[in-house]
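Worksheet: one structure, shown below.
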Amino acid sequence: MNYLKLSIGILVALSASRFIPHPPNFTSLIAISFYVPAFFGVRYIPVVLISFIITDMLIGFHQNLLFTWGSVFLIGYLSSLFLFKGNFFSRILGSLSGAFLFFLLTNFGVWLTGSYGYRIEDLITCYFLALPFFGNTIAATLLFSILIESVYTFFNLGQKLNILKK
């Protein structure tokens, strides 16, 4: 039952940040993709991914879905290396690393579709033109990570999460 309640909570949190008007790429996606598996275990990666897929179904599919969904999966899996036993700064650094990974993979996917051509110069152009979106991703990831960290600290979730993970 806790798995179901937490799954619904993840869907609601991710949906809220994607459906409420926001600047491009300013959502909780990366922070949620990092923190949920870090705190609750890798068994929640499918929940985050399914929540992302559901919101994509409502927003609309695009040709880079495998790269965005794959990024979410990789961020979740890599977050298990940080675990919630790490300190505040290592988790923040981990979530920001997730944003960087998302930027690299998704824009590589854009380049592979041929939107900019297939030369190395075109790949550089693709990444360069994506920098404003990356700024929003970094800002959102930092903001939502600090928000998650604040809730984690305020409610003393560290001890409660030990119980949930067992």
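Give me Y44, Y118 sorted ascending by neighbouring Cβ count inside 10 Å, so fewest comes first.
Values: Y44 20, Y118 11.
Ordered from fewest to most neighbouring Cβ atoms within 10 Å, Y44, Y118 come out as Y118, Y44.
A full extension of the chain between N87 and I146 corresponds to an added length of 20.0 nm, given 0.36 nm per residue minus the alpha carbon distance. Among the helices of the chain, those built from whole DSSP H runs whose Cα atoms reach 20 Å or more along their own axis and whose mean Kyte-Doolittle hydropathy is at least 1.0 are 2-19, 45-59, 65-79, 88-112, 131-154.
Paramagnetic label reach from I54 (point 7 Å along Cα→Cβ; backbone nitrogen cut-off under 11 Å): within region 13-33, residues 13-16.
Remind me, what semi-axes does region 2-165 give for its equivalent ellipsoid, largest first in whole Å, using sqrt of 5 times each Cα gyration tensor eigenvalue? Don't skip to the end; give the middle numbers.
On the way: eigenvalues 160, 55, 39 Å².
They are 28, 17, 14 Å, listed largest first.
Between I124 and Y77, the C-beta separation translates, for a Förster distance of 41 Å, into a calculated FRET efficiency of about 0.90.
Highest GNM mean-square fluctuation among G41, G98, G76, for the chain modelled with Cα contacts below 10 Å: G41.
Taking L147, L101, L11 in turn, the Gaussian network model of the chain (Cα-Cα springs below 10 Å) assigns the largest fluctuation to L147.
Every number here is computed from the coordinates shown, using simple stated rules; none is lab data. It should be emphasised that the depicted structure is a prediction, and the values quoted were computed from it without experimental measurement. Glycine also receives a Cβ, built like all others from the backbone with ideal geometry; neighbour counts cover every protein chain displayed.
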